[in-house]
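The next block holds one structure in the form of structure tokens; read it before the comments.
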Amino acid sequence: MMFAAVTSMLGQEAKYKFDMGGQLGMSGYLGDANTSNIFKHPGFSVGLSFRYIPNVRMAVRGVFNTLSLSGNTADMENVLPDGMVYDFKSQVYDLGVRYEFNFFPYGVGETYKRLRRWTPYLTAGVGVALATCDGNSAVAPNIPLGFGVKYKPRERWNVGLEFTMTKNFSDKIDGKQLNDLYGIKSSFLKNTDWYSNISVSVTYEFGERCSTCHYVD
């Protein structure tokens, strides 16, 4: 019976098919120039999103973000070979697709669906990032993982707070000078570049579904 209840809830369509909007936030970096604290060198992030909403418990979201990242090895307890000190500033452009799962059926109105104005959610996806640093650029696929909270102050409007960590399959997001500092060669699966994003979003829903279908012969 529990499986049937979950299946029924997942089949409940949302009133609107899509939403779109923007987000602002704070970015952070973990890598060769910062190994422990993502909040040590905070940056700025801004982005746009487009979301497809098949039902009240899930969504598929396309996201484009740009984030500023920075770091300095002088802040680290580890001493680099030859006592060298490195710092960097990088701008990242991130494009990806993410799946979202809502813990509660999300929406307003339609009380028979037991909708809630707010819900925590989990998100994961795939993407690609272009990073520019000191005149050099690098492209890398990535996997973003995160969680957040959505709130609907009124019908069609959504406010969200989200935290994501993004794993990059490249060791050059922080520039070429920080690649292979310890003489341990990185690879597609083994590298040290991550970035975080804490953002606040506002989105607007559109594309209302037909609640009653009329057949005309």
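Bear in mind these aren't lab numbers, they're just calculated from the coordinates by the rules spelled out. It should be emphasised that the depicted structure is a prediction, and the values quoted were computed from it without experimental measurement. Every residue, glycine among them, receives a Cβ derived from its backbone with ideal geometry; neighbour counts consider all protein chains shown.
Quick one: if the Förster radius is 22 Å, what FRET efficiency do residue 91 and residue 163 give, using the C-beta to C-beta distance and rounding to 0.05?
Here the calculated transfer efficiency is 0.60.
Taking 20 °C and 1.002 mPa s as the conditions, I'd like the Stokes-Einstein D for region 11-126 in µm²/s, using the Kirkwood hydrodynamic radius from alpha carbon pairs.
127 µm²/s
So which of 15/150; 15/167; 89/152; 89/167; 17/150; 40/172 end up more than 26 Å apart by C-alpha?
15/167; 89/152
Would you calculate the separation in nanometres between label points at residue 84 and residue 20, each defined as 7 Å from the Cα along the Cα-to-beta-carbon direction?
Here the answer is 4.6 nm between the modelled labels.
Taking 0.36 nm per residue of sequence separation and subtracting the Cα-Cα distance, how much length would be gained by fully extending the chain between residue 122 and residue 151, in nm to one decimal?
9.0 nm
Hey, with R₀ at 35 Å, roughly what FRET efficiency would residue 99 and residue 72 work out to, going by the Cβ-Cβ distance, to 0.05?
Using R0 = 35 Å, I get an efficiency of 0.50.
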